[in-house]
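Taken together, the values in this text are just the output of simple stated rules run on the coordinates, not laboratory data. Only a predicted model underlies this, so the values are computations on that prediction, with no experimental measurement involved. Heads up, the Cβs are rebuilt from the backbone with ideal geometry, glycines too, and the neighbour counts pull from every protein chain shown.
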Amino acid sequence: MTTDELRRLFLDYFRERGHTVVPSASLVPEGDPTLLFNVAGMVQFKQFYASKGEIPFTRAASVQKCLRATDLEEVGRTIKHHTFFEMLGNFSFGDYFKREAVEWAWDFLTDVVGIPAERLVVSVHVDDEESAGIWRETAGIGEERSYRRGDEGNFWGPAGASGPCGPCSEVHDDFGPEAGCGRVECDPACDCGRYIEVWNLVFPQFYQDTDGERRPLERRGVDTGMGLERLAMICQGADTLFATDVFRPIVGFIKDEVDFGDRGEADEVGVRVIADHARALCFAISEGALPSNEGRGYVIRRILRRAVVRALNLGVDKPFLYKVAGRVIDVMRDAYPELDEKREQIAIVIKSDEERFQGTLERGMNILSEALDEIVRGGGGEVPGETVFKLYDTYGFPVEITRELASSAGVSIRAWGSNGSR
């Protein structure tokens with residue numbers, strides 16, 4: 001099934017079960033100063049759980065555009081991390097609760113999209129015996145395929161500094177022992193690659209204030225989130241997100257443009273980073289989040305410059321990312337026609353910032369490469385704080401990029417003060 005088909009199947013499934021299909025909210029949250037970007041489907045519904053007044057519906061389903069920059073360094077290195085993604089979600093506001101959420105999730109995954117039941121395992125909160133019992137009754141998942149975890153693994157939220165939160169139950173696809181670390185105790189909490197989270201069923205029961213205090217919600221309910229790209233990866237038999245139908249044309253375009261040939265894994269990672277970051281930039285810029293030196297603009301500029309650095313490592317020394325953005329729009333415009341409408345604006349913004357950064361990038365890269373070579377020849381160590389500061393202050397290198405490039409060479413970096421000292 002294509003990604004477009006999976007998106008449509010999901011919405012149709014929950015529409016048939018009484019859910020109002022709600023359009024995606026903007027990537028830039030409206031009226032929520034606690035978030036730079038929309039990070040989950042439930043963000044636009046936060047007030048529905050806490051409200052005592054009338055709400056327009058008690059069941060909803062959506063495909064939410066999301067952007068998360070918390071795992072930037074993992075993008076391209078793992079099969080599952082990316083910055084922009086689409087989140088499939090069904091929601092209940094004081095309506096159904098755990099049983100229906102579990103039953104529908106299992107039915108959709110196994111009967112509608114056809115994932116073999118034996119491949120799926122679940123995790124539940126250590127104190128949530130109710131959910132564990134429903135999984136046993138609904139799916140025949142006993143203790144051997146049900147993992148108990150505490151708050152660090154199976155309690156979700158709030159999205160931002162305050163909002164609804166509660167225990168959750170996650171569904172994971174098991175790629176089999178041969179795909180993992182080989183440890184007997186390997187489970188979905190392991191980062192070895194054997195398991196990938198498919199769907200997170202959150203059961204909002206509390207509202208957490210900014211001081212961390214939790215109180216019962218006026219309307220307890222359901223908040224689920226399933227990454228569309230991850231679902232596509234599983235259903236299409238791909239071994240990574242970047243081998244799905246929404247990424248293959250973009251990755252192929254980049255490789256053709258740089259005459260990729262028979263390169264190594266480091267360059268493969270670079271191509272994936274560029275493909276991922278170009279998608280994030282297209283959607284963010286189309287909604288008015290422009291590169292700048294503060295707030296969400298800084299996040300966008302950081303994403304853009306990480307991609308430009310990766311392109312330089314592939315031998316690209318001229319503006320290039322704006323061309324990749326054009327290919328992204330070609331792939332995504334049927335589902336998101338607004339991208340095509342803003343094609344020219346997106347290209348202008350990206351190319352302008354590329355040109356600004358490339359004016360100093362190569363000189364900065366030479367300085368960093370010389371410093372890393374010297375450190376490696378000397379047996380290891382760290383990049384001096386004054387060098388890190390100079391790269392940032394003179395050449396516009398975000399510290400995170402310096403850290404990432406240094407890490408690739410097995411070198412750490414030294415923090416600095418306002419004068420470049422530690």
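Could you put Arg363, Arg327, Arg119 in order, starting from the residue whose Cβ has the fewest other Cβ atoms within 10 Å?
Values: Arg363 12, Arg327 19, Arg119 15.
So the ranking, lowest neighbour count to highest, is Arg363, Arg119, Arg327.
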The list (1) 0.98; (2) 1.07; (3) 0.95 gives values of Rg/Rh (Cα atoms, Kirkwood Rh), and only one came from this structure; which label was calculated from it?
-> (1)
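Would you calculate, for the chain, the mean residue ellipticity at 222 nm contributed by helices, counting each DSSP H stretch of 4 or more residues as -39,500 (n - 2.57) and dividing by all residues, to the nearest 500?
On the way: 14 runs with 175 residues, N = 422.
Result for the chain: -13000 deg cm²/dmol, rounded to the nearest 500.
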Along each principal axis, Cα extent of the range 326-422, largest first, Å = 53, 25, 21
Given a cut-off of under 8 Å on Cα pairs at least six residues apart, what relative contact order in percent is computed for the chain?
-> 13
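For the range 121-215, give the magnitude of the charge dipole about the Cα centre (Cβ charges: +1 Lys/Arg, -1 Asp/Glu; no others), in debye to the nearest 20. Before the final figure, lay out each step's value.
On the way: 8 positive and 20 negative charges, 20 e Å.
Using Cβ point charges on Lys, Arg, Asp and Glu, the range 121-215 gives about 100 debye.
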Would you list Met1, Met87 from fewest to most Cβ contacts within 10 Å?
-> Met1, Met87
About its Cα centre, how strong a charge dipole does the range 8-132 have in debye, to the nearest 20, once Lys and Arg get +1 and Asp and Glu get -1 at the Cβ?
-> 380
Under unit Cβ charges (Lys, Arg +1; Asp, Glu -1), what dipole magnitude, rounded to 20 debye, does the chain have relative to its Cα centre?
-> 860
Take Ala179, project a point 7 Å from its Cα along the Cβ direction, then tell me which residues of the range 230-246 have their backbone nitrogen under 14 Å from it.
-> 230-244
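For the chain, which DSSP H helices look membrane-span-like by this rule: Cα extent along the axis of 20 Å or more and mean Kyte-Doolittle of at least 0.5?
Counting only whole DSSP H runs, the qualifying helices are 265-286.
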Glu54 versus Glu213: modelled label distance in nm, points set 7 Å from Cα along the beta carbon direction | 3.2
Along the charge dipole of the chain, which of Val28, Ala105, Ala243 sits closest to the positive end, that is, farthest toward it, with unit charges on the beta carbon of Lys, Arg, Asp and Glu (+1, +1, -1, -1)?
-> Val28
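Name the shape class, rounded, prolate or oblate, that the alpha-carbon gyration tensor gives for the range 1-135, where a ≥ b ≥ c are the square roots of its eigenvalues, rounded holds for a/c under 1.5, and otherwise prolate holds if a/b is larger than b/c and oblate otherwise. Mind dumping the intermediate values first?
On the way: a/c = 1.38, a/b = 1.05, b/c = 1.32.
Rounded is the answer for the range 1-135, as its axis ratio a/c remains below 1.5.
Assuming 0.36 nm per residue, please report the length gained on full extension of the stretch Ala117 to Gln47 beyond their Cα-Cα distance. Kindly include the intermediate steps, with their values, before the conclusion.
Working: separation 70, 0.36 × 70 = 25.20 nm, distance 3.56 nm.
Contour length minus Cα-Cα distance gives 21.6 nm.
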Given Lys65/Lys318; Lys65/Lys255; Lys65/Lys351; Lys255/Lys323; Lys318/Lys351; Lys80/Lys351, the pairs whose alpha carbons are separated by over 21 Å | Lys65/Lys318; Lys65/Lys255; Lys65/Lys351; Lys80/Lys351
Which of Cys192, Cys66, Cys235 moves most in a GNM of the chain, Cα contacts under 10 Å?
-> Cys192
Among Ser352, Ser169, what is the fewest-to-most ranking by other Cβ atoms within 10 Å?
-> Ser352, Ser169
